[in-house]
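The values are calculated or read from the model by the stated rules, or taken from the named source; none is laboratory data. Keep in mind it's a predicted model, so treat the numbers as computed, not measured. In this analysis, Cβ positions are derived from the backbone assuming ideal geometry, glycine residues included, and neighbour counts consider all displayed protein chains.
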Amino acid sequence: MKLISVFIKSLKEQLRSFWILVLSLSMGPFFIFVYFLITESYKPQYNLLVVNTDSGINANGQQTNYGENLITFFTSANIHINSAPFVIQKIAAENEGIKKLKNKEADALIIIPERFSQTLIARKNNDSLVASKIEFFGDLTNTNYLISAVWANEIVNEFALQTTNNKRIIEVKETALGTSGNISEFNMIVPGILIVSLIMLMFTASIAFVSEVENKTILRLKLSKLKTIEFLGGIGFVQLLVGLASVVLTLATAILLGFKYEGSLAIMLFIAGLTSLSIISFSLIIAAVTKSANPFRD
């Protein structure tokens with residue numbers, strides 16, 4: 001069958017274009033490795049400035065400053081919040097903090113009021129009319145401020161509840177669907193890189209068609225009364241194998257670097273095969289307007 005003959009010929013031609021094949025197959029794993037290094041070297045960090053003006057309170061002959069306790073609580077709570085790591089910096093004056101905010105040296109500024117300890121003690125003694133006011137400063141257009149302010153506000157409320165021995169009126173429980181609760185940034189990037197590894201197929205497929213015309217072998221194929229479906233099928237099947245190999249290598253690299261793959265591998269390969277066929281079809285358009293497989297040839 002001529003289809004098999006074209007397939008074998010196309011496979012040999014693909015192996016002769018060794019470096020192009022290596023470039024196509026290695027591009028996906030290369031980007032996986034690069035993005036792995038990026039995500040490992042860059043971790044989100046939120047810088048919080050704290051001005052403690054709390055004068056403290058003398059209870060049972062012992063001086064207590066709940067403002068200082070709140071700062072300590074921030075540090076301990078930060079250990080349990082992997083998604084929002086805080087760097088707490090205590091400063092002396094409000095003006096200093098505002099200046100750092102304007103210079104983008106911090107994300108948020110928290111002012112602990114002078115009567116913070118007194119109001120917490122009053123609340124602990126069931127004085128419901130007393131409320132402590134903590135002031136937040138920050139740029140509302142800055143995403144880092146919005147994230148850090150939400151988390152900081154939650155930590156302040158938790159500290160107040162534990163200190164006054166009160167309970168929340170409403171307890172909100174968050175349940176993550178699937179693996180969304182522990183998915184990392186690297187895991188979110190991998191599916192996109194898998195698509196990139198398939199897009200690289202556009203180059204090898206285009207070259208495979210163009211080289212037939214450039215090397216004049218298309219004339220001999222015409223003289224052999226080769227059908228169009230046989231010509232396209234032979235070359236297309238080789239490119240399909242290249243595409244699947246690229247996806248498998250990219251996925252294997254991601255798994256070795258810690259990517260957690262879930263689902264059916266067979267369904268994934270089936271979708272990758274359909275995508276490869278689509279890219280091969282698009283490469284025909286590129287081949288139609290390309291004169292040479294050698295970019296340096298006139």
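No other residue among Leu256, Leu226, Leu265, Leu201 is closer than 24 Å to Ile32 by Cβ and in contact with a helix residue (DSSP H, G or I) (Cβ under 7 Å, 6 or more places away or on another chain) apart from Leu201.
Picking from residues in region 88-125 that are of a type in the set (Lys, Arg) and under 24 Å from Gln162 (Cα atoms), the one that is surrounded by the fewest Cβ atoms within 10 Å (Cβ to Cβ) is Lys90. Among the residues of region 118-155, the ones that are in contact with a helix residue (DSSP H, G or I) (Cβ under 6 Å, 6 or more places away or on another chain), modelled with pLDDT under 85 and either not assigned by TED's automatic domain parsing to the domain that holds Gly97 or not in a helix (DSSP H, G or I) (or both) come to 2 in all. Under the condition of being among the hydroxyl-bearing types (Ser, Thr, Tyr) and closer than 26 Å to Phe237 by Cα, which residue from region 1-53 is surrounded by the fewest Cβ atoms within 10 Å (Cβ to Cβ)? The selected residue is Ser5. When the strands (runs of 3 or more DSSP E) confined to region 20-110 are screened for residues that are in contact with an Asp or Glu (Cβ under 6 Å, 6 or more places away or on another chain), modelled with pLDDT of 85 or more and of a type outside the set (S, T, N, Q), those reaching at least 1 such residues are found at 46-52.
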